[in-house]
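Some notes on the structure that comes next.
The values are calculated or read from the model by the stated rules, or taken from the named source; none is laboratory data. Computed from a predicted model, the values in this text were never measured in an experiment. Ideal geometry is used to build each Cβ from the backbone, glycine not excepted, and the neighbour counts take in all protein chains shown.
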Amino acid sequence: MWQRFSLYDVRIIGHYLGVLVLFSSFSLLVPLLTAFACQEWVPASHYFLTMGITLILGSALRFLRIDSVRLNRQQALAVTGLSWIVLACVAAIPLYLSGHYENYLDALFDGVSGLTTTGASILQDLDHLSYADNMWRFVMHFVGGLGLIVVALSFGLFGKRVGTSLYSAEARSEHVLPNIVQTTRTLARISLIIIVLATAVISLICIFIGMEPLRAFLQSLWLAISGFMTGGFAPMSNSVMYYHSLGIEVVLMVLMVLGSISFVLHAEIWKGKTSTFFRDIEIRTLGVWLAVMTLVFTASLATSLHFSDLSAMLRRGLFMVISAFSTTGYQNITSNQLATVFTSGAFFTLTMIMAVGGSAGSTSGGIKFSRVGIIAKSIAVNIKETLAPDSARVAVGYNHMGRRLVSPEIVKEAMTVFTLYIITYAIGALVGIAHGYEATQAIFESVAMTSNAGLSLGIVSSGMPVGLELTYLFQMWAGRLEFVALLALIIEVVVSFKPRNLRLGKARR
Amino acid sequence: MIALAAFRRLAQGICRAFQGARGAQPSAFRSASGIQGVQGAQPPVAWGARAASGCRGAQDVRTPAFRMLAGCIVLFLLTTCAMQTAFAATGSDREDNSVNPHQLPDSSFIYDTSILDLSQADSYYNNQTVQVVGEAIGDRIDADPAGEHCWIVLASLDKSANANITVYMDKAEAARIDSFGKYGTTGTVLRVRGTFHLACTEHDGLSDIHAEQVSLIEAGKQSPDSFDTSAFIPGAVSVALGLAMLAVFYLMRERRR
């Protein structure tokens with residue numbers, strides 16, 4: 001029997017969504033202050049208006065339930081699932097007012113892309129975008145990369161009476177510290193420290209290559225946020241190619257790798273427990289997977305007429321591999337080169353790398369190394385059980401924050417999410433093909449959207465078909481929540497609208 | 001025309017020279033074919049020779065005819081020489097001459113193309129000389145801080161195209177750019193002619209144009225935002241309303257406790 005939402009549940013869900021919407025009005029202060037500092041008066045008026053709209057909307061939602069209550073699991077799932085789309089709708093308002101989008105749906109697409117750290121953009125004329133609007137895009141990356149719930153919890157927005165249900169509903173499993181609020185604050189602190197350090201280094205490089213100090217600082221900050229949060233938005237339309245700097249590319253590669261490692265492992269390294277880091281199943285899977293795929297990619301690229309040169313292969317190829325596996329979406333080649341100059345083998349390898357993604361508990365998307373590792377371990381279990389006598393009990397373990405056994409429940413969860421990812425990749429590809437695009441392009445784009453990678457061959461652009469745009473929007477949303485939470489929410493909403501079966505016949509008897 | 005007129009006079013002169021008498025029929029062919037039928041007439045060759053040698057008995061006709069004949073021949077020769085000289089000077093202007101021996105061999109073609117086309121180019125344009133027009137945007141990035149080259153990004157003038165191309169050019173050329181496009185600024189519009197590389201071997205596979213000639217088409221423009229108080233009124237009203245609602249909410253919550 002499916003759980004239904006009652007009116008009481010709707011009021012509580014509305015109340016907590018109102019809390020998050022009010023938080024977004026607070027976060028709009030960042031681009032507003034940027035606009036005032038840079039004397040961009042038109043964007044300033046837009047952000048001021050959006051602040052007012054979010055204050056009204058958030059307050060109105062909070063009126064649905066005056067007293068605060070503890071969330072149960074179903075309510076937490078709904079709040080988490082709906083918060084991404086509700087906040088994206090609010091975030092799209094100033095983007096649409098900027099005049100760089102054809103319609104509100106395009107702005108909503110970028111809002112979802114920013115919050116889910118996909119990084120694909122339909123924005124027109126990015127090079128003439130105001131500093132305030134650019135700042136807002138990267139604020140979305142920062143908030144979305146950490147997680148809306150994580151940020152809200154770290155600010156104590158949900159009060160003291162909050163359980164782990166919200167945290168877990170956002171596909172977060174790592175517990176850095178026993179207290180959830182302390183965990184979220186630690187995650188935010190780690191992120192800020194890394195971003196500040198990276199900003200300083202990249203700023204120096206940008207000034208060295210001839211940029212103005214203000215532009216150098218702002219673009220460095222945005223690159224650092226996008227790199228560590230594995231977002232993919234770039235300040236200029238040429239992405240990382242714009243800077244023609246090997247130094248910046250190296251720093252960004254380091255950031256992307258750091259961003260794709262679990263926050264728990266970050267905390268372990270900071271505590272000095274490096275052995276835990278190297279024994280972890282995700283790190284080992286990452287090492288094997290990256291080594292194999294880089295070899296395959298390099299071998300395939302070596303047959304290309306234009307990228308067979310060693311320096312070109314190393315610089316362009318390695319960067320693209322790291323950008324793909326971390327699901328960041330930075331490009332140091334053009335989309336045209338990706339489609340025409342890369343060999344089909346290299347192209348397909350990149351697609352597979354994006355599909356698997358990074359580590360669980362990081363800012364990366366994709367199927368995740370932990371699931372791939374667990375599925376590989378379960379294959380080992382099956383083989384051992386086949387070879388072992390009937391009376392033998394086979395146990396295979398792995399290291400992930402301690403020693404754990406490969407149990408049927410863990411394998412079931414990994415296989416379920418793995419299957420859902422594959423199905424979504426296929427559905428997105430079929431929708432792209434149905435809209436007339438080449439199969440390889442459609443598959444690549446579908447994988448990029450679902451894994452929140454954001455690399456694009458050009459299908460995602462202004463004027464794309466509305467049906468395809470909505471499909472990709474759903475894929476980004478589903479990929480960020482890793483399907484289960486979103487599917488559960490959709491089923492509960494549908495069931496809630498279905499009328500209950502009347503048992504009149506039985507009552508008469 | 002001059003040659004035709006000269007030939008006509010020559011023919012008339014020859015005709016008179018063959019006839020040798022006043023009142024004879026002007027037709028040279030009749031004269032040539034009907035010589036024996038005319039009383040006192042002589043064979044045309046003899047007559048022509050006698051005419052050419054200026055024989056007695058036909059002085060009134062021979063001398064002017066001879067002079068005319070000689071004049072025509074000279075005129076014809078002069079005209080022919082002049083025409084050959086004229087042809088040599090303007091040979092390629094002649095519409096009916098498809099070969100110009102003075103054209104130098106050139107293996108590259110110049111494609112006057114758009115930035116959008118180049119952003120979607122395949123190997124067809126690779127290593128070809130292209131010419132594009134675009135707006136300089138962003139910054140001048142030094143290719144080598146101690147060197148003489150830099151990177152400029154040219155954006156398509158059609159903003160909906162969302163296309164741009166990277167140009168590798170001399171710093172001296174780039175110094176002529178008065179502004180770079182960004183918010184509130186329209187950058188200098190340039191025409192760049194150079195060699196397009198789909199994946200430049202000199203620059204680790206980057207897609208770029210190595211500029212050979214840069215021309216300024218239009219100077220940049222500044223259009224900064226002006227502060228308009230009325231633009232902030234809707235925001236102020238909505239913020240005030242939102243804060244009021246929030247205050248009411250917290251008041252109601254306090255009363256319930």
Can you name the helices (runs of 4 or more DSSP H) wholly within the stretch A:1-105 that have at least 1 residues being crowded, with 21+ Cβ neighbours inside 10 Å, facing another protein chain (nearest Cβ under 10 Å) and in contact with a Phe, Trp or Tyr (Cβ under 7 Å, 6 or more places away or on another chain)? A:29-37, A:41-62
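Rundown of residues vs (1) buried (at least 18 other Cβ atoms within 10 Å of the Cβ); (2) not in a loop (DSSP other than H, G, I, E, B), yes/no style:
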site	(1), (2)
A:Val288	no, yes
A:Ser362	yes, no
A:Ser370	yes, yes
A:Ile375	no, yes
What pairs can you find where one residue is in the stretch B:131-156 and away from chain A (no Cβ under 11 Å) and surrounded by fewer than 20 Cβ atoms within 10 Å (Cβ to Cβ), the other is in a strand (DSSP E or B) and of a type in the set (A, V, I, L, M, F, W, C), and their Cβ atoms are less than 8 Å apart, with a gap of 6+ or different chains? B:Gln131/B:Ile110; B:Gln131/B:Val192; B:Val133/B:Val189; B:Val133/B:Leu190; B:Val133/B:Val192; B:Val133/B:Ile217
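When you go through A:Val495, A:Val431, A:Val417 one by one, which is the residue that is surrounded by fewer than 19 Cβ atoms within 10 Å (Cβ to Cβ) and over 17 Å from the mean Cα position of the chain (by Cα)?
Of the residues listed, the single one that is surrounded by fewer than 19 Cβ atoms within 10 Å (Cβ to Cβ) and over 17 Å from the mean Cα position of the chain (by Cα) is A:Val495.
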Residues within the stretch A:292-338 that are of a type in the set (Ser, Thr, Tyr), within 25 Å of A:Ser451 (Cα to Cα) and facing another protein chain (nearest Cβ under 10 Å), tallied: 2
First in the stretch A:184-201 and without any contact (Cβ under 8 Å) to a residue 40 or more places away in the chain and closer than 17 Å to A:Lys271 by Cβ, second anywhere and surrounded by 19 or more Cβ atoms within 10 Å (Cβ to Cβ) and hydroxyl-bearing (Ser, Thr, Tyr), Cβ under 8 Å, 6 or more apart: A:Arg185/A:Ser154
Subset of the stretch B:157-183, residues in a loop (DSSP other than H, G, I, E, B), within 12 Å of chain A (Cβ to nearest Cβ) and either at pLDDT 95 or above or surrounded by 20 or more Cβ atoms within 10 Å (Cβ to Cβ) (or both), comes to B:Asn162, B:Ala163, B:Phe180, B:Tyr183
Wholly enclosed helices (runs of 4 or more DSSP H) of the stretch A:383-488 bearing at least 2 residues within 30 Å of A:Ile269 (Cα to Cα) and modelled with pLDDT of 85 or more: A:408-434, A:466-481
State which residue is farthest from the chain's Cα centre (by Cα) when the search covers only the stretch B:188-228 and only residues that are more than 9 Å from chain A (Cβ to nearest Cβ) and assigned to a loop (DSSP other than H, G, I, E, B). B:Ser223
Would you point out the residue of the stretch A:235-262, among those that are out of contact with any Ser or Thr (no Cβ under 7 Å at 6 or more places or on another chain) and among the small types (Gly, Ala, Ser), that is nearest to A:Lys368 (Cα to Cα)? A:Ser239
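For (1) of a type in the set (Asp, Glu); (2) farther than 25 Å from B:Leu246 by Cβ; (3) touching a residue at least 24 places away in the same chain (Cβ under 8 Å), each residue gets a yes or a no:
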| residue | (1), (2), (3) |
| --- | --- |
| A:Ser45 | no, no, no |
| A:Leu49 | no, no, yes |
| A:Leu55 | no, no, yes |
| A:Leu82 | no, no, yes |
| A:Leu97 | no, no, yes |
| A:Glu102 | yes, yes, yes |
| A:Leu115 | no, no, yes |
| A:Gln124 | no, yes, yes |
